[in-house]
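One structure is given below, encoded as C-alpha cells.
The values are calculated or read from the model by the stated rules, or taken from the named source; none is laboratory data. Just so we're clear, the structure is a prediction, and the values are computed from it rather than from any experiment. FYI the Cβ positions are ideal-geometry reconstructions off the backbone, even for glycines, and counts take in every protein chain you see.
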Amino acid sequence: MLLAEALQKRFQAMPLTDGRDGWPDFQVAEHHLVDVLHFLRGDMVPRFPMLLDLTAVDERGGQAAPERAFTLVYHLHGLDDRGALRLRVPHADAEVPVPTATGVFANANWYEREVYDLFGLAFSDHPDLRRILLPPHWEGHPLCKREPIRATERPAYRLGKSEVQEALKMYSDTVPAPDPGLTVLNVGPHHPGTHGILRFVLKLSGEEIATVDPDIGYHHRGVEKIAEGHTFHNFIPYTDRVDYLGGALGEFPYVRAIEMLADLAVPPRAEGIRTLLAEICRISSHLVWLGSYGNDLGTMGPAFYAFRDRALLMDLIEKYTGGRLHPQFFRIGGVAMDLPDDWRGDLLTTLEAVERGLRDSERLTVGNPVFQARTRGVGVLSAAQAEKWAVSGILLRSTGKDWDMRKAAPYGLYGDLDFAVPTSTDGDALARTQLHIEEIRESIGMLRQLAERMPEGPTLAADARYAFPPKDHTLRDIETLIHHFEQVAGEIGPPAGQALSITESARGMLAYYVVADGGPRPYRLRVRSPSFPHVQLIAELGRGTALPDFIATIGSIDYVLADLDR
C-alpha cells in the first residue's frame, strides 16, 4: 500500500490493527506530527485536504502503557473514494504542550481549544488557546477519567459575591477593547437570528464588520461524558438530541459504529426502514430551516407553509415509531420493530401533500424578488474557504463540490436508490436556499423508491449477542430472556477496538468515533458534528460583511445549537 509505505518510510509511522472501521490507521510520534499533517495535506498524491476531526482519549482509566497518558486522535478525509484516515499520537505528560496543527489546518483552532478545555492539554503556538465550551472560571477538565460522570458526584456549585465579580471580570476580559474607530456589538446570546443561545462579538467600522468572535457553549451538556456512564444501548436516545432537528439522522452513525465494533450484519429490511426514517427526518429538518430562514429575512409566510408540511411528516414518524421529534427507533443490529401494515399508503399520501406545499414555499423564498435581493451575493463561500474550514453538506455543495456520504460511501440502502446530488457554484445564501429545496425533492424521490422496493425479512440481526432481542422472542425461551436481562443490566459490550462511522446528516458529515475496551459502556465516545466547523467558519465569512447582511449570512449556514455545543 503506497500510503502505508510512505508514512512508515518517511515518518516511522506504525500501522495499527484494532480499528474495526476499515480506515487506514497509524500511530505517529509526536515530534513527527506536524510534518505528517503537512505531507498528507499537501504532498501526498492523492492528498487528504480535510481535517475531519481532532480529539483526545485519556488512557489513564485503562491499561495504558506508562508512556501514554493521553492519545491525540486526528481523522483526516480525502473527500473522495479513499475516505478517512486516522492518526494516533501518544502523549505522555499533560503539563507538556502538544504541537499545534493550526499552521496546517485552520479549523484545528477550535478543535484544539476543545481538547484544552475538556482534557487540559495545551498546544504550543496556538493563536488563541482558551476555553471554548465551558465558562472561563470552570475548574477541571471533564473528559479526564478522574472527573466524575454524574453532577451529583461533584460538590455543589456556588458563587459568592466576590466570585461573581471575578467571573464577570473574566468574561469582560475575553473581549479586548476595540481599536480606535471600531465599535463592539454583541449579537446574541438572546437574538432570534442566532437560532438559539449563541453570541457573536462583532467589531464594527461603521456598518462593516471588521472581526467576528463566536462565543459558544451555552447549550453544552457534556454528551460525550454522559456516554461513558451509559451502556451502548442506553445511549441511543441521546443521539437524537445532539441535532434535535435531525431525529433518526443522529441515530444512524452511532449504531453503525457499534455494529462495526461487534461485526454485526444488519438485515436488508432493517436497513431499508432506517433509510426511510432518515430521509423523512431530512425533509423535516430542511423544512424547519426553510421556514425559519424566511422569518430571519422578514417574510413570515414560508414558516406557515413549511411548518404545516412538517407537521404531516411528524405525524408519519409518530405512526411508524411512536415518537415525533426524537424517534429513538434504531437498535444495534436493526430497528425496534417493523413498520405498520398500511405504511406505504400513508407515506405516499403524505409525500404528495409535502410536494404540493413545497411549491408554495419555493415561490415565497427563492421565487420572491425581495428574498432574492437579500440573499444573492450574500455570504459567498469559495471552494478554497470550504476546504480550509472543512465544511460539508449543503454548505460544501454550494461551492460546486458534489460530495455526499450517501452517494460517495453508501450505507443503509442508499446504494440501491437512484438520486442526484444537487450542487451550485454560486456559494451564496440564495444558492444554499435553492439546494435545500432541491434536496427535499431528491428525498421525496428516494422515499417513493423505498415504498416500491422495501425488502422483506427480519428487522433485527439474528446474531444478537450485542443487540436487544425482539420482545416476543424473550417470551419463548429462557436463553433469550437471560440475554435480554444481561443487556439491560449492562453486562455485555462489543469487543475492544475503535470505529469511526460517518453519515450525511441534514447539515453535513456527522461522525461518531467510539473506543471500546470490552466492557458494557463506551470507554470514549466522540461526536463530530457539522455545526462545529461551520460556526467556526463565520469568523472569516462574516468579516467585511455589512451588518444588515450578517443575519442573512449566518442563517444560511443552517447550524443547530445543540449540534454545535453537544
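Listing for the model above:
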| item | result |
| --- | --- |
| Residue match in the range 237-245 (condition: out of contact with any helix residue (DSSP H, G or I) (no Cβ under 7 Å at 6 or more places or on another chain) and part of a loop (DSSP other than H, G, I, E, B)) | no |
| Test: residue in the range 493-513 that is surrounded by fewer than 24 Cβ atoms within 10 Å (Cβ to Cβ) and of a type in the set (Lys, Arg) | no |
| Residue within the range 74-87 that is more than 20 Å from the chain's Cα centre (by Cα) and among the charged types (D, E, K, R) present | yes |
| Count of the range 425-443 residues which are in contact with a helix residue (DSSP H, G or I) (Cβ under 6 Å, 6 or more places away or on another chain) and within 16 Å of Gly367 (Cβ to Cβ) | 7 |
| Hits in the range 290-313 (condition: of a type in the set (A, V, I, L, M, F, W, C) and in a helix (DSSP H, G or I)) | Leu290, Ala303, Phe304, Ala306, Phe307, Ala311, Leu312, Leu313 |
| Cβ pairs under 6 Å, 6+ apart, first in the range 409-425 and over 26 Å from Phe330 (Cα atoms), second in a loop (DSSP other than H, G, I, E, B) | Thr423/Gly400; Thr423/Asp402; Ser424/Ser398; Thr425/Gly400 |
| All positions within the range 541-564 that are within 26 Å of Leu118 (Cα to Cα), touching a Phe, Trp or Tyr at 6+ places or on another chain (Cβ under 7 Å) and assigned to a helix (DSSP H, G or I) | Ala562, Leu564 |
| Residue that is acidic (Asp, Glu) and either surrounded by fewer than 20 Cβ atoms within 10 Å (Cβ to Cβ) or free of Cβ contacts under 8 Å to residues at least 24 places away in the same chain (or both), where the choices are Asp315, Asp243, Asp309 | Asp315 |
| Residues satisfying the stated conditions in the range 256-273, i.e. under 15 Å from Gly518 (Cβ atoms) and small (Gly, Ala, Ser) | Ala262 |
| The range 349-392: number of residues that are part of a helix (DSSP H, G or I) and farther than 26 Å from Gly301 by Cα | 7 |
| Criterion (under 23 Å from Thr503 (Cα atoms) and crowded, with 18+ Cβ neighbours inside 10 Å) met by exactly one of Leu33, Leu37, Leu7, Leu52 | Leu52 |
| Number of the exception - Leu79 against (1) surrounded by 18 or more Cβ atoms within 10 Å (Cβ to Cβ); (2) in a strand (DSSP E or B) | (2) |
| His137 being over 28 Å from His219 (Cβ atoms) and not β-branched (Val, Ile, Thr) | no |
| Given (1) surrounded by 24 or more Cβ atoms within 10 Å (Cβ to Cβ); (2) within 19 Å of Arg359 (Cβ to Cβ); (3) not acidic (Asp, Glu), index of the condition Ala278 fails | (2) |
| Complete set of residues in the range 15-30 that are surrounded by fewer than 15 Cβ atoms within 10 Å (Cβ to Cβ) and either over 25 Å from the mean Cα position of the chain (by Cα) or hydrophobic (A, V, I, L, M, F, W, C) (or both) | Pro15, Leu16, Thr17, Ala29, Glu30 |
| Whichever residue in the range 200-236 is assigned to a helix (DSSP H, G or I) and hydrophobic (A, V, I, L, M, F, W, C) and, among such residues, is surrounded by the fewest Cβ atoms within 10 Å (Cβ to Cβ) | Ile226 |
| Pairs where the first residue, in the range 319-342, is in the same structural domain as Leu287 (by TED's automatic domain parsing) and under 16 Å from Met454 (Cβ atoms) and the second is part of a loop (DSSP other than H, G, I, E, B) and of a type in the set (Phe, Trp, Tyr), C-beta under 9 Å, 6+ apart | Tyr320/Phe329; Thr321/Phe329; Val335/Phe329; Met337/Phe329 |
| Those residues of the range 177-221 which are aliphatic (A, V, I, L, M) and either within 24 Å of Trp289 (Cβ to Cβ) or in the same structural domain as Tyr111 (by TED's automatic domain parsing) (or both), in sequence order | Val187, Ile197, Leu198, Leu202, Ile209, Val212, Ile216 |
| Some residue of the range 471-478 being outside any helix (DSSP H, G or I), of a type in the set (A, V, I, L, M, F, W, C), out of contact with any Asp or Glu (no Cβ under 7 Å at 6 or more places or on another chain) and modelled with pLDDT of 85 or more | no |
| Candidates His190, His195, filtered to the one that is modelled with pLDDT of 80 or more, loosely packed, with under 14 Cβ neighbours inside 10 Å and not hydroxyl-bearing (Ser, Thr, Tyr) | His190 |
| Residue within the range 323-342 that is in contact with a strand residue (DSSP E or B) (Cβ under 8 Å, 6 or more places away or on another chain), closer than 30 Å to Gly367 by Cβ and surrounded by 17 or more Cβ atoms within 10 Å (Cβ to Cβ) present | no |
| Lone unmet requirement of (1) buried (at least 24 other Cβ atoms within 10 Å of the Cβ); (2) on the phi < 0 side of the Ramachandran plot for Asp558 | (2) |
| Residue count for the range 1-37, restricted to those that are in a helix (DSSP H, G or I) and more than 24 Å from Pro99 (Cα to Cα) | 2 |
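Conditions tested, residue by residue: (1) surrounded by 16 or more Cβ atoms within 10 Å (Cβ to Cβ); (2) of a type in the set (A, V, I, L, M, F, W, C); (3) modelled with pLDDT of 95 or more.
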| position | (1), (2), (3) |
| --- | --- |
| Asp58 | yes, no, no |
| Gly61 | no, no, no |
| His75 | yes, no, yes |
| Ala92 | no, yes, no |
| Gly103 | no, no, no |
| Glu114 | yes, no, yes |
